[in-house]
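*Asks:* Take a look at the following structure, please.
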Amino acid sequence: MIKLTKRQDEILEIVKKNGPITGKEIAEMLSVSRAALRPDLAILTMSGNLDARPRVGYFFNEKYAVKQQAERYLNQKVADFKAHPIVVEKSTSVYDAIVQLFLEDVGTLYAVDLEGHLAGVVSRKDLLRAAIGNKNLQELPVSVIMTRMPNIITIFPEETLFEAAKRMINYHVDSLPVVKEVDKQSNTYLLVGRITKTTITRAYLEIMEEKTN
């Protein structure tokens with residue numbers, strides 16, 4: 001996005017409040033000549049911030065403003081939005097994992113080893129499959145049913161919400177473990193958080209709340 005000058009920001013505010021408005025009227029409100037204003041109006045029009053119509057004047061481009069807001073939020077880092085991961089040890093029984101899933105009201109549990117490294121991911125579907133027809137849930141460890149590396153879809157704290165959203169859609173998952181790399185060759189990652197579809201939805205809600213306030 002183009003970095004606007006102070007005067008260009010002032011022009012945008014004037015057009016937001018008074019548009020459609022002519023270049024002459026904007027110049028008078030800013031106490032500058034129309035000639036001095038032309039380069040600023042040209043930049044704002046070419047960048048998409050403003051639209052202009054002959055004999056009507058300049059008006060604020062609402063669609064461009066929404067796009068700017070969306071870009072600002074979606075380009076924020078995962079680290080700023082990640083939530084605390086709900087974890088179990090990989091030796092935890094399926095029964096205890098089901099209890100924790102309901103107590104925490106989440107759709108995914110992350111299995112870790114003794115060092116806190118990500119060992120696996122356990123979804124509602126995994127637990128449901130294990131529970132059907134199995135009478136020994138207290139003896140069955142989650143390590144038997146969990147998804148393991150390298151099949152776990154992860155995301156790093158420095159990546160963006162946009163990347164997280166794309167990854168969840170492309171891989172049909174509801175959440176991603178946020179990790180820091182310990183040893184890429186052995187697929188060893190430290191679990192530091194989680195990002196969910198709810199996180200992405202919350203970001204969009206903030207966009208809309210900003211727009212309506």
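The values are calculated or read from the model by the stated rules, or taken from the named source; none is laboratory data. Keep in mind the model is a prediction, meaning the values are calculated, not measured. Counting neighbours? That spans all protein chains shown, and the Cβs are built from the backbone with ideal geometry, glycine included. Quick note on the areas: whole protein, heavy atoms, side chains included, nothing else; ligands and nucleic acids left out. Shrake-Rupley method; radii C 1.70, N 1.55, O 1.52, S 1.80 Å.
*Asks:* With unit charges on the beta carbons (Lys and Arg positive, Asp and Glu negative) and the dipole taken about the Cα centre of the chain, which residue among PRO85, LEU128, MET29 sits farthest to the positive side?
*Replies:* Of PRO85, LEU128, MET29, it is MET29.
*Asks:* Once every DSSP H run of n ≥ 4 in the chain is given -39500 (n - 2.57) and the sum is divided by its residues, what mean residue ellipticity at 222 nm do you get, rounded to the nearest 500 deg cm²/dmol?
*Replies:* -13500 deg cm²/dmol
*Asks:* Still on this structure: Where a Cα-Cα gap under 22 Å defines reach, which lysines qualify for LYS180, not counting those fewer than 8 residues away within the same chain?
*Replies:* Partners within reach: LYS77, LYS82, LYS90, LYS166, LYS197.
*Asks:* Give a residue-ordered list of calculated ³J(HN,Hα) values for segment 118-133 (Karplus: 6.51 cos²θ - 1.76 cosθ + 1.60, θ = phi - 60°; whole Hz; x for Gly, Pro).
*Replies:* Working through the residues one at a time gives 5, 10, x, 10, 10, 9, 4, 4, 4, 5, 5, 4, 5, 6, 5, x Hz.
*Asks:* How many Å² of accessible area per residue for the chain, probe 1.4 Å?
*Replies:* In whole numbers, the chain has 61 Å² accessible per residue.
*Asks:* Using a 1.4 angstrom probe on the protein heavy atoms only, could you order GLU159, GLU104, GLU28 from most to least accessible area?
*Replies:* Greatest to least solvent exposure: GLU28, GLU104, GLU159.
*Asks:* Right, next: Heavy atoms only, probe 1.4 angstrom, no DNA, RNA or ligands counted: give me HIS84, HIS117 ranked by accessible area, highest first. Please report the intermediate quantities before stating the final value.
*Replies:* Working: HIS84 145, HIS117 40 Å².
Solvent-accessible surface, decreasing: HIS84, HIS117.
*Asks:* Want the number for ALA83 to ARG34: 0.36 nm per residue separation, take away the alpha-carbon distance, what's left?
*Replies:* 12.5 nm
*Asks:* Something else: What ³J(HN,Hα) values, in whole Hz, does the Karplus curve 6.51 cos²θ - 1.76 cosθ + 1.60 give for segment 28-37 when θ = phi - 60°, with x put for Gly and Pro?
*Replies:* 5, 5, 9, 6, 10, 7, 4, 5, 5, 7
*Asks:* Where is the GNM fluctuation largest for the chain (alpha-carbon springs, 10 angstrom cutoff): GLN100, GLN76, GLN185?
*Replies:* For the chain, modelled as a Gaussian network with Cα springs under 10 Å, the answer is GLN185.
*Asks:* Kindly provide the trypsin sites (Lys or Arg not before Pro) of segment 119-168 that DSSP labels as loop, not H, G, I, E or B, and whose Cβ sees at most 14 other Cβ atoms within 10 Å.
*Replies:* Working: sites: ARG124, LYS125, ARG129, LYS135, ARG148, LYS166, ARG167; in loops: LYS135.
When the trypsin sites (Lys or Arg not before Pro) of segment 119-168 are filtered for loop state and at most 14 Cβ neighbours within 10 Å, LYS135 remain.
*Asks:* Percent of Cα-Cα pairs more than 25 Å apart in segment 54-213, please.
*Replies:* Pairs farther apart than 25 Å: 40 percent.
*Asks:* What does the charge dipole of segment 144-213 about its Cα centre add up to, to the nearest 20 debye, if the Cβ of each Lys and Arg holds +1 and the Cβ of each Asp and Glu holds -1?
*Replies:* So the dipole magnitude of segment 144-213 works out to roughly 240 debye.
*Asks:* Summarise the accessible area of segment 137-200 (1.4 Å probe, protein heavy atoms) by the percent that is carbon and sulfur. Provide the component values of the computation, followed by the final result.
*Replies:* Working: 1720 of 3570 Å².
With neighbouring chains kept in place, the figure for segment 137-200 is 48 percent.
*Asks:* Separate question: Over the alpha carbons of segment 155-196, what is the largest minus smallest coordinate on each principal axis, giving the biggest first in Å?
*Replies:* Cα spread of segment 155-196 along its principal axes, largest to smallest: 27, 17, 13 Å.
*Asks:* Averaging the inverse of every distinct alpha carbon separation and then flipping it gives the Kirkwood radius. What is it for segment 114-205, in angstrom units?
*Replies:* 14.6 Å
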